[in-house]
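A short write-up of the structure that comes next.
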Amino acid sequence: MSIIQKLPYEWLVGLRYTRAGKRSNRNSFISFISLISVSGIALGVAALIVVLSVMNGFQKEVTDRMLSVLAHIEVFDAGGAGMANWRQAEQEALRNPAVRGAAPYVETQGLLVVDGTMKPAAIRGILPEEEHKVSDVAKQIRQGSLQNLRPGEFDIVLGYVLARSLGVGVGDKVTMMLAQGQPTPAGIVPRTRVFTVVGTFEAGHYDFDSSMAFIHLQDAERMERLAAPGGLRLRIADMQQAPQVAKELKKQMSGDLVVRDWSKMNANWFAAVQTEKRMMFLILTLIIAVAAFNLVSTLVMTVTDKQPDIAILRTIGASPASIRKIFMIQGALVGIIGTVVGVLLGVTVALNIDVIVPFIERLLGIQFLSRDIYLISDIPSDMRWPDVFKIGGVSVLLAFLATIYPSWSASRVKPAEALRYE
């Protein structure tokens, strides 16, 4: 005896109705209307998996580019004074096994002026020989070299978009103006200094390429009139562990320090991305909900068509609960089949989007992302299994909820009325 034959009769009848929704097409796997329901659920599930994977991919790509310039963790004095003992703080930070590198920095804001053109910029003072420990800027140089930043020479490396907007290149001069003024007989005037452009870099993130500049740490200290670096920038082995490592360093390092991880430094951006992902999840879930509503109509039509069968089952002793179970099984099977097909399709597309999208671009002769506009020419994908399980669970739940009314309606069929005209 096969496993199917050992199932309760409610399962046998439910499976039979799923395989043959119409009497004229008993050999088909599912009826045409059930096929539409399965297809709708499958397409909704697949679309949701692919869209969330692409959004995760863009988030990961942007985050990686941000962290190629930003530090995973920043440490600075809580009172705003410089870190005169930064060497000691560096050694304390490196004692944590998660910390892979440390480098001092000075951060300030200023205006860069060239022939009347003014652009705001985030000015970061660094030690060129130490910077590779905490960022990838040295690998992102387009012109010149980060090593050309020499103390006392007042050299500067600009983001390539910033350099282009100022109309300067390597060897040109730019004037830096800081908001902190200096007293003169004419009043308080901004501090200014002429810098020589010795390089440009491209991080692949527009905000950094258009508004960031690097100078030598000693020059930044002189401009800010500091006796020591403003703080330390740290890089850790796993950037996802940055919040936890920051808490550990706060306890391990001596002094009144502020320890801030990269997620706190860009809290608004990450909050916006998470909100966008949640809204996209809700919007695309409506596709699955529409397919679930179609499943309701399918089951209602099945109940209407099977009223004589329901009446016969009731007359031979089937309870209303058993009738409900039959149609709930039928609807749940349609939902599960649609979900499984959708998950397989969505996972396949998400894992091979780097092959599928270029093929479509070549086939249609178009480019979805122009590098000149978006700086990312390929559509990234980062499929995460927790998202897949969540989407599959929501799909099965909606399909199950869609069976409640039709199964309840079937259990209320009165045998005498159903068989009156048979």
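Please treat every number below as a calculation from the coordinates, not as lab data. All of these numbers come straight from a predicted model, not from anything done at the bench. We place every Cβ from the backbone using ideal geometry, glycine too, and count neighbours over all the protein chains shown.
General remarks:
- Note on the stretch 71-262: with charges restricted to the Cβ of Lys and Arg (+1) and Asp and Glu (-1), its dipole about the Cα centre is near 80 debye.
- Per residue, the convex hull volume that the Cα atoms of the stretch 160-290 enclose (Å³): 221
- Listed residue pairs exceeding 28 Å between alpha carbons, taken from 60/139; 119/139; 325/390; 133/247; 390/414: 390/414
- As computed over the chain, the Cα convex hull volume per residue (Å³): 230
- Longest site-free stretch - the chain; sites: trypsin sites (Lys or Arg not before Pro), DSSP loop, at most 12 other Cβ within 10 Å: 226-411
- Of the three principal axes defined by the Cα atoms of the stretch 71-262, the extents in descending order read 49, 41, 25 Å.
- The angle between the Cα long axis of helix 242-252 and the main principal axis of the chain comes to about 50°, on a 0 to 90 degree scale.
- Taking the Cα centre of the stretch 280-419 as origin and assigning +1 to Lys and Arg Cβ atoms and -1 to Asp and Glu Cβ atoms, the resulting dipole is close to 700 debye.
- Computed [θ] at 222 nm, deg cm²/dmol, the chain (DSSP H ≥ 4; -39,500 (n - 2.57); rounded to nearest 500): -17000 deg cm²/dmol
- Alpha-carbon radius of gyration plus Dmax, which is the widest Cα pair, for the stretch 263-372 in Å: 23.0, 73
- Looking at the stretch 245-333, none of the chymotrypsin sites (Phe, Trp or Tyr not before Pro) sits in a DSSP loop with at most 11 other Cβ atoms within 10 Å of its own Cβ.
- Proximal aspartates and glutamates relative to residue 277, as straight alpha-carbon distance under 19 Å, when same-chain residues fewer than 8 apart are discounted: 61, 64, 382, 387
- Where only alpha carbons of the stretch 206-251 are counted, the Rg and the Dmax (Å): 14.9, 37
- Comparing 298, 46, 83 along the charge dipole axis of the chain, the residue lying farthest to the positive side is 298, per the Cβ-charge model.
- Taking the inverse of the mean 1/r over every pair of distinct Cα atoms in the stretch 102-180 gives a Kirkwood hydrodynamic radius of 13.5 Å.
- In degrees, nearest ten, helix 32-67 long axis to first principal axis of the chain (Cα): 10
- Evaluated at q = 0.26, 0.27, 0.30 Å⁻¹: base-10 log I(q)/I(0), Debye formula over Cα of the stretch 48-90: -0.90, -0.92, -0.98
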